[in-house]
1. Given the alpha-carbon gyration tensor of the chain, what are the semi-axes of its equivalent ellipsoid in whole angstrom, ordered largest first, with each equal to the square root of 5 times an eigenvalue?
2. Distance in nm between label sites at residue 364 and residue 75, each 7 Å beyond Cα in the beta-carbon direction?
3. Please find the FRET efficiency linking residue 135 to residue 463, where r is the Cβ-Cβ separation and R0 is fixed at 35 Å, and quote it to the nearest 0.05.
4. Which FRET efficiency value, to the nearest 0.05, do you get for residue 442 and residue 51 by plugging their Cβ-Cβ distance into 1/(1 + (r/R0)^6) with R0 = 30 Å?
5. How large a share of the accessible area of the chain, in percent, is made up of carbon and sulfur atoms when the probe is 1.4 Å and the other protein chains stay in place?
6. Report the one residue of 752, 248, 359 whose Cα lies farthest in the direction of the positive end of the charge dipole of the chain (charges on C-beta: Lys and Arg +1, Asp and Glu -1; origin at the Cα centre).
7. I'd like to check one number: the per residue accessible area of the stretch 476-586, probe 1.4 Å, reported in Å² as a whole number.
8. Name all residues of the stretch 107-135 having a backbone nitrogen under 15 Å from the label point set 7 Å from the Cα of residue 84 along its Cα→Cβ direction, giving them as ranges.
Amino acid sequence: MNTLSVPPKAQKTYFKKAYLASFAYNLVKSGNLDKYYKILNNFTFIEAKINHLEFGVQALIEDYDLVDDTELLAHPEYNAETVKALKLIQGSLRLSAHIINQDTNQLVAQLTGRLLCFDVPEIQALLEQIAQTQTTCLRPLTASLTPPGGALVRTLGGHSSFVHAVAVTPNSKCVISGSSDETLKVWDLESGKVKFTLEGHSDSVHAVAVTPNSKYVIFGSSDETLKVWDLELGKIKFILDGHSSSVNAVAVTPNSKCVISGSKDRTLKVWGLESGKVKFTLEGHSDSVNAVAVTPNSKYVISGSSDETLKVWDLESGQEKLALEGHSCSVNAVAVTSNSKYVISGSDDETLVWDLESGKVKFTLDDYSIFVNAVAVTPNSKYVISGSWGNTLKVWDLESGKVKFTLEGHSGSVNAVAVTPNSKYVISGSWDRTLKVWDLELGKVKFTFDDHSSFVNAVAVTSNSKYVISGSWDNTLKVWDLESGKVKSTFDAHSNMVSAVAVSANSKYVISGSDDKTLKVWDLESIKVKFTLDGHNDLISAVLITLDSKCVISSSKDRTLKAWDLESGKLKITLDVHNYVNAVAVTPNSKYVIYADCDERLKVCDVESGKVKFTLEGHSGSVNAVVVTPNSKYAISGSSDNTLKVWDLESGKVKFTLEGHSNSVRAVAVTPNSKYAISGSSDNTLKVWDVESGKVKFTLEGHSDLVNAVAVTQNSKYVISGSSDNTLKVWDLPLGKVIASFIGESIITCCTVASDGAIIVAGDTSGRLHFLRLEGMEVEQ
């Protein structure tokens, strides 16, 4: 049977037959390259193989390697573009493997978000197939995920907390990682799969090393011990007990005879690997030892400490040879070049390259970013790789001291870096709980996004659903066409980060608040500043516009709240508040502003006169969010005391205290029909509350980290939540269950939804905006 002649509706069943595993292989073996090529461009085949219990994404990735590029190019119907299409699909699957393995329903979003930027006919044809899917999902409308063809090869996901340490086996086959989740994981570098998980420490694993003969893994922990794990037998050989505080660093001599550990107890210890006994205790640092490296000739150990120095120790005698002084902050990382000539140190201040013979600084690797946490040197001594709190890695040319390129992709601090012995790959570990594998030969950026270059703080949709406005730490606002997801214009008049954004109900104006202490009123038609509102003397924390589009309300870190006339730009009133304003809302009738400061109270003020109507007291923690029901009857506040309160705006009394969250309430939204309040919390859940009865209708569980943002569709049917677990979820409100989710590459900070409920826009910490269409659902108006 000709597989491609099978009707689309029957293809899934056809492809799920037992020979699915070897289908591509059999086509190649029989010389049917035409069908082989077409099948690997067929979304139904891709989807079926991934969803089959026996195979999955890695088996599919391997199908793309069954034929050499030259064989395909020799085929009369194929050219470089057609071969490129297969490589792009394979690369997208590899980049997405850790997500698809977790949730196969992410296939549509992952392929679409990574391939939309390629104007290749075969890719466009595949995307058309994907767009016809009947699966309920969130389909990206723009290329907002890392595309294939760049430095990032794959992501290794599986730890449940920060990754602190990374090592590579000498044969380049395995990666070992240590984490705050108290485990060590051994990963297959080719497939990205966990080979095994080593448990045994009772606290965070901070340091990992592998012996050059690949027999043992040594890992150090906050539980003050090191463990020597036999990789062949899969069991512990020794527990090395002797430090009196956390073990922060581990290294092994190139001859595999000794293990060197550095500890928070200010000492290093040299252990015999055969005996498990301490040979020397190296004392001399006056603060925590954070990093240890051994010279390739096994003569010296170099240590870096919080006392701002490095020390060079003679391994034979245990004596200090040199003290390297030059840092003004804690030394966090140390590496040595393969020729034993240079030492590289990473610090909270800068990265230095030292001449080991003279003890002098050769040059400074200046990247203008604070807190370098990790450094590694390629075995060929050509490059230094540094990882920092800025969530990035930098690759430096060791000859010139210049940055060759920057590797971006982590959404948390980069804590650990290792290089494969063949100098081809860099592996990084991060606070975002993942490891990433980077190809050093493909490090240069090949694709750029139109997105912001930093954290997106706020997104808003104009009431006519034509535009989305986003504000960012990169000092700009962007106006996006909601339908196409393309940037219409960029506003760059602020001199510091944009902290707040609001859009007038008549869709004429955008107001932005900034850390430059000003507000700007922008005309959406002319894309020009209408007014600059000066008067605050600190960061603008919030901006709102009354529904009648007459008044702008701003709050600031300067402990004031101001009301401005939108037509004239004149200041109407200034309210002095007791503390920093955390949350602000305006009643739909445009009469009152409700604000909360850090002293646990809310105030209801008349917008025209500035007079306080009510002071709402009752919370025992700071108020983080406040909303008003569309019928103007109630204000609902969410607090760090883990509760919400429903306040009657007529009487100023508490109607209900909503208890149930086990951690701080971070976000609150109300359905347009005023029936339900939805709260998002640091306990990773959302709760749906009946506003009239004060009872919980549902607890929405599914996020694995803080819930940062909540939005509701106009028809009151769906709730959208954004989380620090990098996901956006759509919940069916009547049923209380998830109907679709999207897994991004960074923390979701904010989200909004168009009036038709079909397009959702989310911003993240990397600066990207995700335009997502809810597919497979009838969205009623």
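1. Working: eigenvalues 446, 266, 118 Å².
Equivalent-ellipsoid dimensions as semi-axes: 47, 36, 24 Å.
2. 5.7
3. On the way: r = 31 Å, r/R0 = 0.90.
With a Förster radius of 35 Å, E is 0.65.
4. On the way: r = 30 Å, r/R0 = 1.01.
So the FRET efficiency works out to roughly 0.50.
5. Values: 13790 of 30440 Å².
For the chain, the apolar C and S fraction of the accessible surface comes to 45 percent.
6. So the residue furthest toward the plus end is 752.
7. Solvent-accessible surface per residue comes out at 41 Å².
8. What the label zone holds, given the 15 Å backbone N cut-off, is 115-125.
The values are calculated or read from the model by the stated rules, or taken from the named source; none is laboratory data. Computed from a prediction, not measured in an experiment: that's the story for all the values here. Here the Cβ is made from the backbone with ideal geometry for all residues, glycine too, and neighbour counts use every protein chain on show. Accessible surface areas use protein heavy atoms only, side chains included; no ligands, DNA or RNA. Shrake-Rupley method; radii C 1.70, N 1.55, O 1.52, S 1.80 Å.
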